[in-house]
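Reviewing the structure listed below.
The values are calculated or read from the model by the stated rules, or taken from the named source; none is laboratory data. Predicted, not measured: the structure shown is a model, and the values here were computed from it. Cβ sites come from the backbone with ideal geometry, for glycine too, and all protein chains shown count toward neighbours.
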Amino acid sequence: MFNAKDTGPVADAIKNHWVDTHLPAGLRPYARLARWERPIGWWLLLWPCLWSLMLAMITSEASYTGLGYAVLFFIGAVVMRGAGCTYNDIVDTDIDAKVARTASRPIPAGQVTKGQAKIFLILQALVGLFVLLQLNSFSIVLGLASLGVVAAYPFMKRITHWPQLVLGLAFSWGALIGWAVIYGALSWPPVLVYAGGVLWTIGYDTIYAHQDKEDDALVGVKSTALLFGEKTKLALIVLYSTAMALFAAAYALCDVGLLGYLGLALGGGQLLWQIKTLSIADGAQCLALFKSNSRFGAALFLGLLADWSLQTTAML
């Protein structure tokens, strides 16, 4: 399986990353399939899990042992993001070969075969399944239910200008599981966080998609970047402001304290900065703004963590 050919890094990947400098040559194409050199993907997958987990811990007065779930979520985010990227590359091989930024990815570049990529996909999925089986039964069923959305995502760009919506449905799913691991059920706060996460994802992935809009138009791939066009900033205002309102509503239902709202306010400032800074004609800047969304996720998480820690300390 691991007899892959390293013909060089992917064009838009981080240069001189540990994947290219430390891994054996035969493993590098698999690491590139999983995007191990690009942690932004699993951070964006992880944040909704952690937000929802912290809200559940605030409302349930859960002990510090609840933070153990954060470790499982981290492992799950890394392997399932890698599995998702591998799956997308298998499905999108023909399209990737026609787009300058993606033509050097492992499958279209001939570094690995589709068969090798499928085996690697299965191995990553098995690790994700192991992580999922550590959770309660409700969370296991909820996690398995996400697979249909994940499987549908790479095909959406062929039939709708809203593939970013389907990506949001998949990438924000952890907002449901983060709550479920504590309560074994769902209620309004995780649903509101999930809905807000979907809108946030549409926003940041629209920014990301502006890198490829010319190539996408040529090969017939659809996106919200093409749909919104010059009205992208207006669309981001609507998406991000509605997401913030949904997050604030979830906070209110959970009686989040001042520190939590401070983190939310800092996150809102980060989103506003993205909108003001964005130039949709500058591909490099679009990529940088897309990556900056991890700071938004961190602001919300750290605010909730600080609020939970303060409340927990006060009860001791």
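Overview of values
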read-out: Single residue of the range 258-316 satisfying the filter (under 23 Å from Y64 (Cβ atoms) and among the β-branched types (V, I, T)) that is surrounded by the fewest Cβ atoms within 10 Å (Cβ to Cβ); value: T313
read-out: Those residues of the range 169-199 which are among the hydroxyl-bearing types (S, T, Y) and more than 21 Å from M244 (Cβ to Cβ), in sequence order; value: Y183
read-out: Only one of A170, A151 that is within 14 Å of the chain's Cα centre (by Cα) and within 30 Å of G220 (Cα to Cα); value: A170
read-out: For V78: the one exception among (1) assigned to a helix (DSSP H, G or I); (2) closer than 20 Å to I40 by Cα; (3) among the β-branched types (V, I, T); (4) modelled with pLDDT under 95; value: (4)
read-out: Inter-residue pairs, beta-carbon under 6 Å, first over 9 Å from L271 (Cα atoms) and in the range 232-246, second outside any helix (DSSP H, G or I), 6+ apart; value: T232/I280
read-out: Hits in the range 128-147 - residues which are in a helix (DSSP H, G or I), among the hydroxyl-bearing types (S, T, Y) and surrounded by 15 or more Cβ atoms within 10 Å (Cβ to Cβ); value: S139
read-out: Residues that are within 27 Å of Y208 (Cβ to Cβ) and of a type in the set (D, E), drawn from the range 34-91; value: E37, D89
read-out: Residue list for the range 189-215, restricted to those being touching a residue at least 40 places away in the same chain (Cβ under 8 Å), part of a helix (DSSP H, G or I) and acidic (D, E); value: D205, D215
read-out: Residue among T102, T65, T86, T59 that is out of contact with any strand residue (DSSP E or B) (no Cβ under 9 Å at 6 or more places or on another chain), part of a helix (DSSP H, G or I) and closer than 23 Å to V221 by Cα; value: T86
read-out: Enumeration of residues in the range 269-315 that are within 15 Å of L53 (Cβ to Cβ) and of a type in the set (A, V, I, L, M); value: A298, L300, L302, L304, L305, A306
read-out: Filter result for I40 (touching a Ser or Thr at 6+ places or on another chain (Cβ under 8 Å) and of a type outside the set (S, T, Y)); value: yes
read-out: Unique residue being out of contact with any Lys or Arg (no Cβ under 9 Å at 6 or more places or on another chain) and at pLDDT 95 or above when the list is A235, A314, A281, A217; value: A235
read-out: Long-range neighbours under 6 Å by Cβ, at least six apart or interchain, first residue touching a residue at least 60 places away in the same chain (Cβ under 8 Å) within the range 247-270, second in a helix (DSSP H, G or I) and β-branched (V, I, T); value: A250/V193; C254/I58; C254/T59
read-out: Some residue of the range 247-255 being closer than 23 Å to I58 by Cβ, hydroxyl-bearing (S, T, Y) and crowded, with 18+ Cβ neighbours inside 10 Å; value: yes
read-out: Residue match in the range 277-293 (condition: more than 29 Å from L234 (Cβ to Cβ), in a helix (DSSP H, G or I) and over 19 Å from the mean Cα position of the chain (by Cα)); value: no
read-out: Unmet requirement for T86, which otherwise passes all of (1) more than 27 Å from R295 (Cα to Cα); (2) among the polar types (S, T, N, Q); (3) free of Cβ contacts under 8 Å to residues at least 60 places away in the same chain; (4) surrounded by 17 or more Cβ atoms within 10 Å (Cβ to Cβ); value: (1)
read-out: Residue in the range 54-72 that is modelled with the lowest pLDDT, counting only those that are under 22 Å from G128 (Cα atoms) and of a type in the set (G, A, S); value: G66
read-out: Verdict on A109 being surrounded by 15 or more Cβ atoms within 10 Å (Cβ to Cβ), of a type in the set (A, V, I, L, M) and not in a loop (DSSP other than H, G, I, E, B); value: no
